[in-house]
């Protein structure tokens, strides 16, 4: 099963863990990461993830995220697909989703992902027929239900 994690999902383990929700999402993301490392899930990454991760001010976190993506990605949506994605991005943005987030979703759809994992509340409100957008916690619940 192909999945796509957005930038906020990758950074969740580095957030302040004093809030229960953040802690639970971080633990769930780390569990998903283990499943990816064991090749139980296929990881899709993209040029937009590279761009956003490259803006991370914490260079150690940036390096860890980049290394994980490079070592575990099964499929990469490169910037050469920008114009192919543009129409889908505009359709997604018309619903109120920000441009970077729209590119993430479009990349996941383009790569035929089953799930898009995020911790962004605004992005979780976006619904589409091509893939399921869920938190890492909800993703784990759905896997365990099957």
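For the reader, a short list of remarks on this structure follows.
- Any hit, the stretch 56-74, residues being part of a strand (DSSP E or B) and within 15 Å of the chain's Cα centre (by Cα): yes
- With respect to the conditions (1) without any contact (Cβ under 8 Å) to a residue 24 or more places away in the chain; (2) within 29 Å of residue 141 (Cβ to Cβ); (3) loosely packed, with under 14 Cβ neighbours inside 10 Å, residue 106 falls short on a single one, namely (3).
- The residues on offer are 97, 59, and the sole one that is at pLDDT 95 or above and either touching a helix residue (DSSP H, G or I) at 6+ places or on another chain (Cβ under 7 Å) or closer than 12 Å to residue 5 by Cβ (or both) is 97.
- Among the residues of the stretch 84-104, the ones that are closer than 17 Å to residue 51 by Cα and in a helix (DSSP H, G or I) come to 9 in all.
The values are calculated or read from the model by the stated rules, or taken from the named source; none is laboratory data. Everything numeric here is computed off the predicted structure, so don't read it as measured data. For neighbour counting, all protein chains shown are included, and Cβ atoms are generated from backbone atoms with ideal geometry for every residue, glycine included.
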